[in-house]
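Step one of this worksheet: look at the structure below.
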Amino acid sequence: MKLSNNSIKYHLNKYKFYHKIKVNDNIHTKGNEGLIKFQKIPLKILKKYNLKNKKVLDIGCRDGLFSFEAEKLGAKEVLGIDNDLSLGATKFLIPFFKSKVKMKKMNLYDLSNYKKKYDMIIFFGVLYHLRYPFWALKIIKDILNTNGTLLLETAIYILGDKKIPLLYCPFDNNNPYDKTSCTFYNEIGLIQTLSSLGFKVKNISYSVAPRNFLKRIFLKKPYPIRRATFECVIDKKKNKYLSDYWDKYHINHTKKNIFKK
């Protein structure tokens with residue numbers, strides 16, 4: 001699709017974009033400028049992976065910032081899913097880029113019926129919105145290939161004892177985000193949740209702190225949330241008893257030595 005810059009701008013103005021995506025050397029989509037600082041680290045991490053001939057799933061893809069990047073990195077198949085599918089991406093960006101990225105209006109929980117497995121799952125900016133986070137992560141684990149990678153970016157609760165696993169679930173005027181955000185793990189809480197589901201966290205990278213972070217610390221009212229990206233793989237040394245207990249039988253009272261590691 002060859003269009004002049006004016007024509008490109010005309011078409012882009014028909015849609016509302018969440019991501020700022022480069023269309024050509026002179027034009028970007030009008031994404032949410034305030035979120036760019038949180039997208040830099042996840043994007044940098046994604047770019048270090050060789051996705052040649054890999055199958056990639058982008059959960060909560062929105063306008064496709066990370067889906068298109070995965071395609072550039074050599075992925076042979078990219079599926080982006082979102083409850084609120086981007087018309088700007090499906091109607092304009094995909095045909096304009098001559099992209100093979102597919103986008104589907106779909107809920108994360110519907111993936112429980114999926115048979116296909118993926119080599120990489122991109123899961124950015126979604127977890128903290130979920131009311132059923134453990135179930136969501138279990139679904140993701142089940143559709144990730146044994147040698148696959150999960151890239152998970154979320155909001156992390158940073159207050160309290162860092163050695164105690166915590167899931168902070170606010171639903172009032174003190175919510176650090178909006179009221180759709182109800183699931184804030186602390187770091188060790190998310191690590192151990194992922195471990196219990198059969199993941200191993202290889203690396204954690206924190207994004208830049210909010211603008212008022214230091215000001216709040218000075219006022220002794222620290223901002224409780226940071227953004228972090230977790231790079232995860234399948235743990236091949238999983239505890240078989242626990243896996244069987246949680247995922248299959250859910251029995252233990254008639255067995256001896258049930259808590260052997």
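Any read-out appearing in this document is the output of simple, stated calculations on the displayed coordinates, not a laboratory observation. A quick note: this is a predicted structure, and the numbers were derived from the prediction, not measured. Counting neighbours? That spans all protein chains shown, and the Cβs are built from the backbone with ideal geometry, glycine included.
A few comments on the model shown:
- Per-residue ellipticity at 222 nm computed for the chain from its helices equals -6500 deg cm²/dmol, with DSSP H segments shorter than 4 residues left out and the rest contributing -39,500 (n - 2.57).
- Candidates Gly125, Gly148, Gly31: whichever shows maximal mean-square fluctuation once the chain is modelled as a Gaussian network with Cα springs under 10 Å: Gly31
- Taking 20 Å as the limit for the C-alpha separation, the pairs Lys47/Lys76; Lys52/Lys236; Lys202/Lys238; Lys117/Lys138; Lys116/Lys141; Lys55/Lys102 exceed it in the case of Lys52/Lys236.
- Principal-axis tilt of helix 133-142 within the chain, Cα atoms, nearest 10 degrees: 80 degrees
- About its Cα centre, the dipole of the chain is roughly 540 debye, where the only charges are +1 on Lys and Arg Cβ and -1 on Asp and Glu Cβ.
- Take the Kirkwood radius over Cα pairs of region 1-160, plug it into Stokes-Einstein at 10 °C and 1.306 mPa s, and you get 97 µm²/s for translational diffusion.
- The packing ranking, built from the mean of other Cβ atoms within 10 Å per residue, places the peptides 38-48, 65-75 in the order 65-75, 38-48, highest first.
- DSSP-defined beta bridges in the chain - what % are antiparallel, rounded to 5: 50 percent
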